[in-house]
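As structure tokens, the structure follows; a few thoughts come after it.
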Amino acid sequence: MYARPPFTADQFALCYRAYAAALLDIQNQPGGPIAAPPTDSTCLMLALRVIEASANGVRDLPGLKRLALANLNVQH
């Protein structure tokens, strides 16, 4: 176990909000019928990108979401 958790409760909450916002952006993409949910690999990639950006010091929701979605080839 960690003597001190790697993320504070506020950082964890921010990561969750950024992840959820990125998923909503993917699901609400224009140009198609009701979108299928993102694949498991897409969800995992978004989560990893949000965690990595937060670990590297990004502390704003738009920044975390932007980095999570950058160059993402989304497959439904």
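Values quoted throughout were computed directly from the atomic coordinates according to the rules given, and no laboratory measurement underlies them. Quantities reported herein were computed from a predicted structural model and do not represent experimental measurements. When we count neighbours, we look across all protein chains shown, and the Cβ atoms used for this are built from the backbone with ideal geometry, even at glycine.
At-a-glance table
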| quantity | calculated |
| --- | --- |
| Selection from the stretch 47-59 of residues that are assigned to a loop (DSSP other than H, G, I, E, B) and either under 10 Å from the mean Cα position of the chain (by Cα) or touching a residue at least 24 places away in the same chain (Cβ under 8 Å) (or both) | ARG59 |
| Single residue of the stretch 40-66 satisfying the filter (under 15 Å from ASP25 (Cβ atoms) and of a type outside the set (A, V, I, L, M)) that is surrounded by the fewest Cβ atoms within 10 Å (Cβ to Cβ) | PRO62 |
